[in-house]
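Only one structure is covered here, and it is reproduced in the block below.
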Amino acid sequence: MAFICNFAAINTISMRKSLIVAAFLLFVLKLDARQDQHVSRPKLVVGIVVDQMRWDYLYRYYDRYSEDGFKRMMNEGYSCQNAFINYLPSFTAPGHSCIYTGSVPSIHGIVANDWMDNKTGKGIYCTEDKTVTAVAGSYKAGQMSPRNMLTSTITDELRLATNMRSKVYGISIKDRGAILPAGHLANGAFWFDDSTGNFMSSSYYGNNLPDWMTKFNNKRWADSFLNSTWVTLYDKSSYVQSLPDNNTFEGPIKGENKVTFPHSVAAAQTNYNRLRYLPAANTMLVKAAKACIHGTQLGQGSETDFLCISFSSTDYVGHTFTPNSVEAEDMFLRLDEEIASLLKYLDRHVGAGNYTIFLTADHGAAHNAEYMQSIKLPAGNRAEGDAFTSLNKWLKEKTGKDSLVRDLSNYQVYLNDRSIDKYKMDREAVKHLTTEWFEQQDGVAYIIDLEHMSNSTAPANICKMAMNGYNRLRSGCLQVILQPGWYSGYGPTGTTHGTWNPYDTHIPLLWYGWGIRQGENFKKVNMTDIAATLAAMLHIQMPNGCIGKPIKELMKK
Ligand code: ZN
Ligand code: ZN
């Protein structure tokens, strides 16, 4: 009995000890688990905008892309096959703003690249800011900031969410392609300066260029690239997706007097502007992006960083040579190599699976109108400058009053309210007369009165896009909707964008890396959903003007 009792006592003591040890272990484990309970986020987000990349370019050149560029994102990542712009007009500045704000011009205020301020009657460039000065570049090219954008961006929200510990940078050849995506709280934004061939910035971001960017500029890539000749990557006869190199629908690059390969722009060089038309500008941008990742240690800290890259040369080449050119085809085959090289760099320096990357476009482009006519498709070109003169002349004939229309731009009519007030005219009557004139013109489908949307006879989808694009203080009061295939271009060669039609508004939207499933879907999503999706994935607040919804299908469970 005693033995049993003793055994029980020993047993109780060792049980107590075990319990204490177990409780201690549990405490330690719990502490450990608490330390592991941070929000799960990638180390780096990279946003790529390819200026003027139509959705169909993913497939138009698919057979010739490498496995490591666009195809790596398409096949290993997620493709939203039906992503659309949901406002008008489909231009560069509203596109970049929409992608990063999840909002539309009506709210974020970037209604076009250039617009009229309805209060002052003055023209404004989207990123102009007379209160700041150039940093390491020419004076005028440096008076730039995101101040005209009225909402926060997803990049701003990331900075806010981490109490500014996240780093955000924007880089592009175009100022607006760097400034608008990087947002109001960016650590830096850099764009190409035509006068020096360097990447520059403005005092909005600080008074000096960071050392790594100065070092990059000192390598003088622009000089070597401008002196190089653009030849096709493959034998010219293999470019079967394009018209013959020599055709009448293409315009020359400024300074060249022919439209065929090889392109050599250095001979007529007056400044570095012509580099924008060469694939070398994309190469230089990727080199600068890598220098930024290295120089600022993006993706190496404890918080998520964000790099916004926008490729601009695709747009310059599209405008000049059209989507059907050997130049456009070669530009995209070469861009594919740049994307591959960037992905490899990210794998090496941030780690495969540690970064999330998305690729989209700010808008697409139409086929050249004369080319379309030549193959019996309906199309046409209505230059806004000519229409402006004719319209004012016609209004004078009808009313006896001069210059009743102040501007015709961005497919919108700005009435001259000061003159209308001075002459004590009925503003609505002037609007009706203007509408009457447009309705007599070739290629015009609808005129939407943006101040009385309910009166429009245009299809609801088009009206909604016009409404989303209308900002009372910055837009015109009438929206011109042309027939499909028509645009307001600058001449018979090249092409442009800006309309509601699918060739302008159907954009690629690829996602790859951390948090992204492999797959695709054909559900219609809007450009405004991009920022909402990023906010959901990063578990941060949506931008403050965001009207989009997260695309949950692309996220890993
Ligand atoms: Zn653009
Ligand atoms: Zn463009």
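Read-outs: derived from the displayed coordinates by stated rules, not from any lab. As the structure is a prediction and not an experimental result, all values here were calculated from the model. For neighbour counting, all protein chains shown are included, and Cβ atoms are generated from backbone atoms with ideal geometry for every residue, glycine included.
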Work the Kirkwood hydrodynamic radius out for region 186-345: mean of 1/r over every pair of different alpha-carbon atoms, inverted, in Å.
17.0 Å
Do any chymotrypsin sites (Phe, Trp or Tyr not before Pro) in region 152-259 lie in a loop, going by DSSP, with at most 15 other beta-carbon atoms within 10 Å of their beta carbon, and if so which?
Tyr234
With the dipole of region 357-396 defined by +1 on each Lys or Arg Cβ and -1 on each Asp or Glu Cβ, the option from Tyr371, Leu391, Asn381 whose Cα lies farthest towards the positive pole is Leu391
Efficiency of FRET from Cβ geometry, Arg147 and Ser403, R₀ 35 Å, rounded to 0.05:
0.70
Estimated [θ] at 222 nm from DSSP helical runs (n ≥ 4, -39500 (n - 2.57)) normalised by residues in the chain, nearest 500
-11000 deg cm²/dmol
Residue span Arg220 to Lys258: 0.36 nm per residue of separation minus Cα-Cα distance leaves a gain in nm of 10.9 nm
Can you compute the charge dipole magnitude of region 55-153 about its Cα centre, using +1 on each Lys and Arg Cβ and -1 on each Asp and Glu Cβ, nothing else charged? Give it in debye, rounded to the nearest 20.
300 debye
Alpha-carbon Rg with Dmax, taken over the chain, Å
27.5, 124
Bin width 10 Å, alpha-carbon pairs only: give the P(r) of region 373-477 as whole percents, running from 0 to the bin holding the largest distance.
13, 44, 33, 8, 1, 0
For Asn381, the net charge from surrounding residues (Cβ-Cβ under 14 Å; K, R +1; D, E -1) works out to -3
Put +1 on the Cβ of each Lys and Arg and -1 on the Cβ of each Asp and Glu in the chain; which of Leu346, Ser325, Val405 then has its Cα farthest toward the positive end of the dipole?
Leu346
Please compute the contact order of the chain in relative form: average sequence separation of alpha-carbon pairs under 8 Å and at least six residues apart, divided by the residue count, as a percent.
27 percent
Count neighbours as other Cβ atoms within 10 Å of each site's Cβ, and list the trypsin sites (Lys or Arg not before Pro) in region 389-425 that are DSSP loop with at most 12 such neighbours.
Lys424
Counting Lys +1, Arg +1, Asp -1, Glu -1, what net charge surrounds Gln518 among other residues with beta carbon under 12 Å of its beta carbon?
0
Using a Förster distance of 22 angstrom, determine the FRET efficiency expected from the C-beta separation of Tyr234 and Phe522, and round it to 0.05.
0.10
Among all stretches of the chain without exposed GluC sites (Glu not before Pro) (DSSP loop, at most 14 other Cβ atoms within 10 Å), which one is longest?
68-450
Let's see if you can work this out: charge +1 on each Lys and Arg Cβ, -1 on each Asp and Glu Cβ, no other charges. What is the dipole magnitude of the chain about its Cα centre, in debye to the nearest 20?
1660 debye
List every residue whose amide H lies under 5 Å from the amide H of Asn526, counting only residues 5 or more places away in sequence or on a different chain, with H placed 1.01 Å from N in the peptide plane.
Phe84
Around Ala458 (Cβ within 14 Å, Cβ-to-Cβ, excluding Ala458; K/R +1, D/E -1) the net charge comes to -1
Nearest-ten-degree value, helix 384-399 long axis tilted from longest Cα axis of the chain
50 degrees
For the chain, give me the percentage of DSSP beta bridges that are antiparallel, rounded to the nearest 5 percent.
50 percent
Between the residues Met200, Tyr239, Thr214, the Cα farthest towards the positive end of the dipole of region 149-261, that dipole coming from +1 and -1 charges on the beta-carbon of Lys, Arg, Asp and Glu, is from Thr214
Out of region 198-229, which trypsin sites (Lys or Arg not before Pro) are coil in DSSP terms and have no more than 14 other C-beta atoms within 10 Å?
Lys219, Arg220
